Each structure stands twice: as structure tokens, then as C-alpha cells.
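The values are calculated or read from the model by the stated rules, or taken from the named source; none is laboratory data. This structure is a prediction, so every number in the text was calculated from the model and none was measured. Here Cβ is always computed from backbone atoms with ideal geometry, including for glycine, and neighbour counts include all displayed protein chains.
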Amino acid sequence: MTKTQKRFLNDWAFTQIGGGQATVDGEWIQVSSFPTTVHVELLKQGKIPDPFVGLNEWDVQWVGESSWSFKTEFDVSDSELQPENIDLVFEGLDTFASVKLNGKEILSAHNQFLSYAYSVKSLLKSGKNVLVIDFESAFLKGRDIEKQHEKLNLWNGDSSRLHVRKAQYNYGWDWGPVLMTVGPWKPIYIESYTNSISDLFIKTDVSEALDVNLAISLSRSEHTPGGASVTLKAPDGSIVGDWKRDALDDKNVYDIEQKFEAGRLQLWYPVGYGKQPLYTVEATILDTDGEVLDSKIERIAFRRARIVQDPVEDEEGRTFLFEINNVRLFCGGSNWIPGDSFLTTMTKERYRAWLKLLVDGNQNMIRVWGGGIYEDDEFYNICDELGILVWQDFMFGCGQYPAYDDFVISVQEEATQAVKRLRHHPSIVIFAGNNEDYQVAESLNLELDYSDETSDFRKTNFPARYIYERILPQVVSKYSQIFYHRSSPYSGFGKDTRDKFHGDLHQWNVWHGTQEPWHNWDKLAGRFVSEFGMEAYPDIRTVDAWLGDDKSERFPQSRVNVNHNKADGFERRLELYLMENFKHAFDMESYVYYTQVMQAETLASAYRLWRRNWRGTGKEYTAGALVWQINDCWPTTSWAIVDYYLRPKPAYFAIARELRPFTVGMTRKEIETFADDRTAANLFIDTRLEIWATNSTLEEAKVTLEVTSFELSTDWKDIWTKEVILAPNASTEVWKGNVPGQPRRTKRSDIPRTIIVSARLLDASNKVLARYANWPEPFKYIKFPEVASLGLKTEIGADGESVTLSTKKPIKGIILDVDGDEVKWGDQAIDLVPEDPQTVKAVGLAGRQVRLRFLGDGSA
């Protein structure tokens, strides 16, 4: 009998069908790597300009509207034709493709997210075989399908995308280019076998007492004589369980159940709460001589994962929180879009670098957004290893999707394959049906009765409810143990998606919507805020990369810079928030700086205020905040906190500070009172300060709160301390009162003193656990001191890889940079106060001089 073997087909050539701008008719070009897509190959061949530079994006649109063919020739020996079963497997074809083997069509592909397997034993021949894949233009094909059905509504991209099961961001989004990829984007191989493992379903039920019930179901594809074995190995390789059966019955299934008492197995925890022990299940099927016919290995872990939706104290609504192994978590994290416009260029190293940045930034959750792809296995493997919780959307985004029969059948198979591939990852804790599709329906006043739990929905004008409320939950429950959520955002309990007291919320009334001041994040809170954001320019090096050699375009309003920001109305919105809050300059470097500081202030404020709402059991008023977004798919200005080249923006560091195990936060608000209820002139204005602290550890902490106040224009200073006990896994209110040194005002023309309040949390050894400096806002009203009077010092460490900053007057928004090769900074967007120097790691600095930008640096 034949043991399962795979032969990968990697030697391919491609051509433009009928000839055209890339090739003459009949010319075949050898691919440089495989899997691949057309843009990638044409770029390497120098046949198209780099679409990430200048306006070149628009010069390559013809690629996505052309037809392409890929061909490989391979020899097969007589011995390779002997196995009982020979399949040709396509892990992913992008998107509409006709596959011919030795001139016979064997497959008509129609969904980028599907893998396909076709039995080819009768078609293969000894000697040379020819495999050809002809790809239609997904854009043109989508337009044709749309005409056959109907034109539906959407946000972002071309409406035809709603009928095409392809990564939706390829059609363009408000942060990404229009680049319609095409080609064999995942491996292709010949698989030979006598019998194979058709399914391995591992269920791990962890009780509230943390006992583990393990259930394993192994299925064979063929009924042949022989048995099976399953081994469970601990992270150190030792055998925890070993099960064998000499013969399987005609159902071809081997079911195993084993209970482990609490403590027998190590539990998997999110980063910051414990370790991430990964176990291995090795399954094999055997012939009658005990020889292995096929084997399959899955990495698993054991954890109890729950989404808790319980009533909250003192407010309406319910929680929406994640609980792992009985520990309730505040989830601070990011949204993830595809890491590149050209997915085949993503490597394991790039995935790890991105996810390591997430963890280094004190984040514990990532949301795989529904307009991209079900990510590569390596993405989830790394999340498992690093302890990152994954919120996984199904691939529907911002649209009124159809639900005609062909579409539903394709989606059901897509969902089944995705769930079965992803279900064993301990990192994945939720599946969500789509991104914002219910919001689209609400905005269009579609038929949307949230109390209707029984209808089919396909004859309504929101037919996709059939997919989100019938098909997807059935698939998820049948093939996994993962929680299913109908959409993101979705409130449930009969509420619409704008409800702030149930489910998750996309809070876009900062930037989009009502364009609220960022200071109102506390009023804009939800039970779980799964999207919110603020734009900023990336590193100036990234700007220069997309400008290429055209220095005449190096100003914020240039045509090229505008092309590298896809957000509607971005110039008005950036300027709205800049003008309301900053006195700013308009040269390229300064505009980069001011937008970055604005983004850092906006996002840090959101995490600070929403983490305050995590007040302990029964008072988890906000249980998570996922910023839109951590990454870019090309060099651009967007909401990303790290740019395409993995260069963190200052906001990344500001968020990291707000997600440390201990933080301290403050708000100041002006409170007006009147002498009586008749007067409008006889008034009093007090500036109130509130201070709180957070503790994400599971033990209470005794700390010292140190509060120092400074007046910016004088040497006045006030300092006091208070011993505080911080509740475990919660925020704690620690002080309320008037801003020290700020007198009561009796007229609106009284200009308040510019008082900066610095708060620090100190442990018993006076180590700084957290710090935050609260400045009066808006910053545009502040009259900053002359730079020469600040007493600002930068001292390079003896190792040349650190910088210590100190000052004699408070300084706001320090960003460090150097000329020449870039540095990996340990912190940015720093607020500095006297007698509290801060040391910043600077890997790659090599002792070079550091340049500083800050508010009041003389640039504006």
C-alpha cells in the first residue's frame, strides 16, 4: 500500500492570453517564485512600474482587467501512477479559473478562498504532462455576474465585488489601492495515497473547575483494512496520551474521549496572564502490517474561552467581555487588514515581525477584518505562540451581499473549509459573520427586524441575513467550539448596531460621523469598541519612498500625497482636528509631525478613558478597545499605527503606555456655576481634576500616587503624595478635586494659568510603575516658553543605544529622530516634566546625535 505523498508543482510560466501589454501572443514568461500572482511577476520582470510609488497604481489597472494563463509541464514515472488514488490539489486560485490537465478541463474555480481537489489518476500519463490554468478577469467577470442578478449597495470599492468571492480590499478601500490580483496564490500539488485522513476534529472542553475533557475524532477517506493510532504530546515532547485501534469499522471513524483532572494539563493563557503551552496531536492510519498510510499533526492547547454577556450594575445593558480560564480580560488590541496588496510576498518573518510588534506594544487581541482573507496558517500559529487572542471575521465587508443559490453554496463551502482549518487554534476565540453589513442595512433602511429570529430572509432586500443568521452559525457550531457573533458591530437583544450598552461597537463619531472632539471618548464608550481610529502620516522616510524621485511633490497637498490617502474628505478631517487643537506648521516634515502627535493624543485618550470603565466584576462597562488599524497593505497615510514598512508611528507607543499592567489617568473639566438661576454674568469657573489608576494583574497592589503640578510660565510647583491600594484586574478611582494652583475664575475672559499636572505610580522601592502628564487643552492656546529656556537635555548612554531626556520645564509631544539609518526607538510622543528624566532605548543609534520635535519647538 502507498503512504500518502505530496509532489509540489513549482515550475511554472505565465502569459497574457492573446498577448497585450505584458507579452506578445504565445510568449511564456518563467515565474520567479511560486505560488505567485501576475503583478508580482510583472514587477520583477520590469514590465510594470511599482504601483506603490507615485501615481503608478493607475498605470497597472489593465492587469486586473486582462486574462492570464499559467502553465507547467511535469514528468510522471510509471511507479508514480501506481497508487490507488492520485489527486491534484489547488490550495487557492485567485479567482475565476479554468484548469486543464492534458487538454481536459477538470475544474472551474470561482472562489479565492476555496481549496480544490480533483482525482486525476485516469488523466495522468507516463512521461510529460501539461497543466494549464486560465484566469479570467475577476473585475470583468464580476460586472457580468452583477448584470445577471442585481446591483447592490456598499461602502468602498466597486459594487460588483459583492458578487465575487475574492478579497474585497483588492477593489480599493479607504486605506488601500485598487489592485486586482490574479493567479495561483497558494500551493499546487499532486497527492498520492491508498487511504488518507479526511478529518481530524479535536474538541477540548475545559470546565469551570478547569477539568479537561478531550474528544478526538479521526476519519478516513477510504475503507481499507487497518487501524489507527493517536498520540497526545506535551510541550516538552513527553507522551500524555496514546490510543490505538487495530481495525476500524466500516464507518471509518475512530473516536477517543479522555478526561484529565484539573492541573494534569497545562492551560493556555493570553499574553500577560500566563504561559502558552502548546500540545501536539499526532494521528496516523495504518495498514494491516502496521505501516503508516497517512499521518496528520495538529498543534492544540487547552483553555476555557467564554464571551460573557451578563447584566451590569448601575447601568442598562449587558457586558460583552472575554473570559479565559475564569479570568475576565480587558482586551486592548488592534484590527488587522491583509499585510500586503500582494499576498504572496508575505513571509513567516513578516508575519512574526508584525505580531511581535503587537505584543511588544502590550496588546493582547487582534481582529482579522472581514474585507481581507482568512489568514495564512503561520499568522495563527504565531498568535498561538505569543498568546494573542484572535477575533476572526468571515470575509464579508461593508455591503448588501446577495444570497442566490450559487452564491450561498459557494459561501457554505468557503465557511466550512475555513472553520475546519482554523478551529484548533487556541488563539481564535470568536467568529464574526461580517464587517459592518448590518450598519449598511441600517443606513439604507433595509428590511431589518431585529426581533425576527425565524425568517429565511432571502426574499427581503437584506438577503444576506440568511448567510449570517442561518448558514454561518450552523457551520461554526457543527465544525468547531468557537463562539459565533453575527457581525461586527452587532448588539443583539433586539438593539441596532449603534447601541452602546450591548455587544460590540464601531465608534467612528471621531473622524467620521458627527466628528466629535477626541476628548469625548468617555461619552462615546461602548461595551466593547471593536473599531475606532484617527489618521496620521507615516514616517517621513515612508512618504519619500512613495514620492520616488519627484521632490516637487513633497508637500502635504500634492497630487501624489493625496493619492496616497484613500479616505474620503481626509484633508478636511485632518485639518478639522489639527485646527481645533494645535497651532501647526505646513511644511512636509512638520505636517507629518503634527498629524502623528494628534493621532497619538487621540488614541491614547481612548484607551485611557475606556480602560477606566473596566471597574471590576459586574462593572465591566467597557471590556475592550481594538484600534483601527495596526497595519497597512501599501505605503500610505491612514489610520494605521505602524506603517507598511513596519515603522511604528508615535501613536503605537502612546497606546503601549496605556496598556501597561499599571497606568494612571487624569481628566480635567471646567465646571461653571452661577450665583443664582437668573444671572448669566455672575458665575464661577472651577477646573476639576479626576485621577484614577488601573491594575491588570490579578493581585491588589499597594502603590504611592505622586502628583506634581507645574506652571509653564513660572517656577511655581506643587507636589503631594497619597498611598493607594489598587484593586486587582480593575480600575480604581484615587482622587478628585480642583487643579492645584488654578484659582477659581469669575469671568470667561479670565485666562487660566497653564498648569501641567504630572501623576506617577511608585512601588515600595520608588520604581515608576506608570506616569502621565495632563496638559490644558486645546494645545493651540498655550503660549510655550522660548526653546532656550526649557533646559532640555539629551544624553546618549555609554552603550550608544539609549537616550536620556531631562528638562527644567514641562515639554509636550517629544518625537526623536536621527539623520541617516533609522533607529528602533523604545518610546515616542513623550511628555517630559522636571525632575523626572526618561530613558529611551534606541537600537541602531550607534551614538549619533538625536533630533527632537515637540509642541512649542518654534516650528509653528
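Looking for whichever is more than 34 Å from the chain's Cα centre (by Cα) and over 20 Å from Lys420 (Cα atoms) here; the options are Val292, Val271, Val253, Val230. Which one fits? Spell out the reasoning first.
Working: Val271 fails: more than 34 Å from the chain's Cα centre (by Cα); Val253 fails: over 20 Å from Lys420 (Cα atoms); Val230 fails: over 20 Å from Lys420 (Cα atoms).
Val292 is the lone residue from the list that is more than 34 Å from the chain's Cα centre (by Cα) and over 20 Å from Lys420 (Cα atoms).
Looking only at residues in the stretch 449-487 that are in contact with a Phe, Trp or Tyr (Cβ under 6 Å, 6 or more places away or on another chain) and among the small types (Gly, Ala, Ser), which one is nearest to Ile216 (Cα to Cα)?
Ser487
Could you pull out the residue among Lys551, Lys566 that is without any contact (Cβ under 8 Å) to a residue 40 or more places away in the chain, charged (D, E, K, R) and farther than 21 Å from Thr667 by Cβ?
None of the other options fit; the residue is Lys551.
Only helices (runs of 4 or more DSSP H) wholly contained in the stretch 363-466 count here; list those with 3 or more residues that are within 30 Å of Lys147 (Cβ to Cβ), assigned by TED's automatic domain parsing to the domain that holds Ser530 and modelled with pLDDT of 95 or more. It would help to see each step written out before you state the result.
On the way: elements: 377-386, 405-422, 437-443.
Output list reads 405-422, 437-443.
Hey, can you tell me all the residues within the stretch 605-630 that are crowded, with 24+ Cβ neighbours inside 10 Å and over 15 Å from Gly526 (Cα atoms)?
Those that are crowded, with 24+ Cβ neighbours inside 10 Å and over 15 Å from Gly526 (Cα atoms): Trp628, Ile630.
Which condition from (1) among the acidic types (Asp, Glu); (2) modelled with pLDDT of 95 or more; (3) surrounded by fewer than 20 Cβ atoms within 10 Å (Cβ to Cβ) is the one that Asp831 breaks?
(3)
Within the stretch 312-328, restricting attention to residues that are in a strand (DSSP E or B) and in contact (Cβ under 8 Å) with a residue 40 or more places away in the chain, which residue is surrounded by the fewest Cβ atoms within 10 Å (Cβ to Cβ)?
Of the residues in the stretch 312-328, the ones in a strand (DSSP E or B) are 318, 321-324, 327-328.
Now drop any that are not in contact (Cβ under 8 Å) with a residue 40 or more places away in the chain, which leaves 318, 321-322, 324, 327-328.
Details: Arg318: 19, Leu321: 21, Phe322: 24, Ile324: 23, Val327: 14, Arg328: 18.
Among those residues, the one meeting the criterion is Val327.
Which pairs have Cβ atoms under 7 Å, sit 6 or more apart or on different chains, and link a residue in the stretch 721-748 that is within 18 Å of Asn774 (Cβ to Cβ) to one that is among the acidic types (Asp, Glu) and modelled with pLDDT of 95 or more?
Every condition considered, the pairs that remain are Thr721/Glu706; Lys736/Glu690; Pro740/Asp718; Gly741/Glu711; Gly741/Asp718.
Which condition does Lys186 not pass, out of (1) more than 26 Å from the chain's Cα centre (by Cα); (2) in a loop (DSSP other than H, G, I, E, B), if it passes all the others?
(1)
Just checking, how many residues over the stretch 738-752 are at pLDDT 95 or above and either in contact with a Gly (Cβ under 8 Å, 6 or more places away or on another chain) or surrounded by fewer than 14 Cβ atoms within 10 Å (Cβ to Cβ) (or both)?
Going through the stretch 738-752 one residue at a time, the tally reaches 0.
Please go through (1) in a loop (DSSP other than H, G, I, E, B); (2) within 30 Å of Gly820 (Cα to Cα) for Arg541 and return the number of the only condition it doesn't satisfy.
Going through the list (1) in a loop (DSSP other than H, G, I, E, B); (2) within 30 Å of Gly820 (Cα to Cα), Arg541 breaks only (1).
Scan the stretch 293-300 and tell me whether some residue there is in contact (Cβ under 8 Å) with a residue 24 or more places away in the chain, among the small types (Gly, Ala, Ser) and under 21 Å from Trp268 (Cβ atoms).
Residues of the stretch 293-300 that are in contact (Cβ under 8 Å) with a residue 24 or more places away in the chain, as a first pass: 293-296, 298-300.
If we keep only those that are among the small types (Gly, Ala, Ser) as well, we get 295.
Cutting the leftovers down to under 21 Å from Trp268 (Cβ atoms) gives us none.
Checking the stretch 293-300: not a single residue is in contact (Cβ under 8 Å) with a residue 24 or more places away in the chain, among the small types (Gly, Ala, Ser) and under 21 Å from Trp268 (Cβ atoms).
Regarding the stretch 261-270, can at least one residue be identified that is crowded, with 17+ Cβ neighbours inside 10 Å, in a loop (DSSP other than H, G, I, E, B) and among the aliphatic types (A, V, I, L, M)?
Yes, the stretch 261-270 contains at least one residue that is crowded, with 17+ Cβ neighbours inside 10 Å, in a loop (DSSP other than H, G, I, E, B) and among the aliphatic types (A, V, I, L, M).
Residues are listed down the side, and each one gets a yes or a no for (1) exposed (fewer than 15 other Cβ atoms within 10 Å of the Cβ); (2) more than 19 Å from Pro635 (Cα to Cα):
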| residue | (1), (2) |
| --- | --- |
| Pro556 | no, no |
| Arg559 | yes, no |
| Asn565 | no, no |
| Phe570 | no, no |
| Arg573 | no, yes |
| Tyr577 | no, yes |
| His584 | no, yes |
| Tyr593 | no, no |
| Val597 | no, yes |
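Any residue in the stretch 244-266 that's touching a residue at least 12 places away in the same chain (Cβ under 8 Å) and under 16 Å from Lys203 (Cα atoms): show its pairings with residues that are part of a loop (DSSP other than H, G, I, E, B) and among the aliphatic types (A, V, I, L, M) at Cβ separation under 7 Å, as long as the two are six or more apart or on different chains.
Tyr254/Leu248
Being among the hydrophobic types (A, V, I, L, M, F, W, C), surrounded by fewer than 21 Cβ atoms within 10 Å (Cβ to Cβ), without any contact (Cβ under 8 Å) to a residue 40 or more places away in the chain and outside the structural domain of Glu222 (by TED's automatic domain parsing) narrows it down to one of Leu81, Leu107, Leu55, so name that one.
Numbers: Leu81 fails: without any contact (Cβ under 8 Å) to a residue 40 or more places away in the chain; Leu55 fails: without any contact (Cβ under 8 Å) to a residue 40 or more places away in the chain.
Going through Leu81, Leu107, Leu55 in turn, the sole match is Leu107.
In the set Trp735, Trp716, Trp692, which member is among the hydrophobic types (A, V, I, L, M, F, W, C), at pLDDT 95 or above and more than 26 Å from Arg612 (Cα to Cα)? If you could, list the steps in order and put the result at the bottom.
Working: Trp735 fails: more than 26 Å from Arg612 (Cα to Cα); Trp692 fails: more than 26 Å from Arg612 (Cα to Cα).
Selected residue: Trp716, the only one of Trp735, Trp716, Trp692 that is among the hydrophobic types (A, V, I, L, M, F, W, C), at pLDDT 95 or above and more than 26 Å from Arg612 (Cα to Cα).
Would you check if Asp255 is at pLDDT below 95 and either surrounded by fewer than 16 Cβ atoms within 10 Å (Cβ to Cβ) or in a strand (DSSP E or B) (or both)? Can you show your working first?
Details: at pLDDT below 95: yes; either surrounded by fewer than 16 Cβ atoms within 10 Å (Cβ to Cβ) or in a strand (DSSP E or B) (or both): yes.
Judged against the criteria, Asp255 is a match.
Go through (1) outside any strand (DSSP E or B); (2) under 15 Å from Asp255 (Cα atoms) one by one and return the number of the condition Ser217 breaks.
Here Ser217 clears every test but (1).
Just wondering, is there one or more residues in the stretch 300-308 that are within 24 Å of Thr663 (Cα to Cα), outside the structural domain of Val212 (by TED's automatic domain parsing), under 25 Å from the mean Cα position of the chain (by Cα) and not hydrophobic (A, V, I, L, M, F, W, C)? Talk me through it step by step, then tell me what you get.
Going residue by residue through the stretch 300-308, those that are within 24 Å of Thr663 (Cα to Cα) are none.
No; the residues of the stretch 300-308 include none that is within 24 Å of Thr663 (Cα to Cα), outside the structural domain of Val212 (by TED's automatic domain parsing), under 25 Å from the mean Cα position of the chain (by Cα) and not hydrophobic (A, V, I, L, M, F, W, C).
So, in the stretch 332-362, exactly how many residues are under 27 Å from Leu114 (Cα atoms), out of contact with any Phe, Trp or Tyr (no Cβ under 7 Å at 6 or more places or on another chain) and assigned to a loop (DSSP other than H, G, I, E, B)?
Total satisfying the criteria: 4.
List pairs: first residue in the stretch 163-184 and over 14 Å from Leu140 (Cα atoms), second residue modelled with pLDDT under 95 anywhere in the structure, Cβ distance under 8 angstrom, at least six positions apart or on different chains.
Correct list of pairs: Asp174/Asp568.
List pairs: first residue in the stretch 666-678 and closer than 15 Å to Pro743 by Cβ, second residue exposed (fewer than 11 other Cβ atoms within 10 Å of the Cβ) and small (Gly, Ala, Ser) anywhere in the structure, Cβ distance under 9 angstrom, at least six positions apart or on different chains.
Once the first residue is closer than 15 Å to Pro743 by Cβ and sits in the stretch 666-678, no partner that is exposed (fewer than 11 other Cβ atoms within 10 Å of the Cβ) and small (Gly, Ala, Ser) comes close enough.
Filter the stretch 515-538 for residues that are hydrophobic (A, V, I, L, M, F, W, C) and assigned to a loop (DSSP other than H, G, I, E, B); which is nearest to Asp310 (Cα to Cα)?
So the residue we want is Phe528.
Among the residues of the stretch 793-804, are any crowded, with 17+ Cβ neighbours inside 10 Å, under 28 Å from Ile691 (Cβ atoms) and modelled with pLDDT of 95 or more? Explain how you work it out, then say what you get.
Going through the stretch 793-804, the residues crowded, with 17+ Cβ neighbours inside 10 Å turn out to be 796, 801, 803.
Of the ones still in play, those that are also under 28 Å from Ile691 (Cβ atoms) are none.
No: zero hits.
In the list His506, His502, His519, which residue meets the criterion of being of a type outside the set (Asp, Glu), at pLDDT below 95 and surrounded by 15 or more Cβ atoms within 10 Å (Cβ to Cβ)? Reasoning before the result, please.
Working: His506 fails: at pLDDT below 95; His502 fails: at pLDDT below 95.
The match here is His519.
Give the residue that is farthest from Glu414 (Cα to Cα), with candidates limited to residues of the stretch 137-186 that are among the charged types (D, E, K, R) and in contact with a strand residue (DSSP E or B) (Cβ under 9 Å, 6 or more places away or on another chain).
Taking the stretch 137-186 first, the residues among the charged types (D, E, K, R) are 141, 143-144, 146-147, 150-151, 158, 161, 165-166, 174, 186.
Within this subset, residues satisfying the condition of being in contact with a strand residue (DSSP E or B) (Cβ under 9 Å, 6 or more places away or on another chain) are 158, 161, 165-166, 174, 186.
Numbers: Asp158: 22, Arg161: 16, Arg165: 9, Lys166: 11, Asp174: 26, Lys186: 15 Å.
If we take residues in the stretch 137-186 being among the charged types (D, E, K, R) and in contact with a strand residue (DSSP E or B) (Cβ under 9 Å, 6 or more places away or on another chain), then Asp174 is farthest from Glu414 (Cα to Cα).
Quick one: Ala770 ticks every box in (1) part of a loop (DSSP other than H, G, I, E, B); (2) hydrophobic (A, V, I, L, M, F, W, C); (3) under 30 Å from Leu329 (Cβ atoms) bar one, so which box is it?
Only one criterion in (1) part of a loop (DSSP other than H, G, I, E, B); (2) hydrophobic (A, V, I, L, M, F, W, C); (3) under 30 Å from Leu329 (Cβ atoms) is unmet by Ala770, namely (1).
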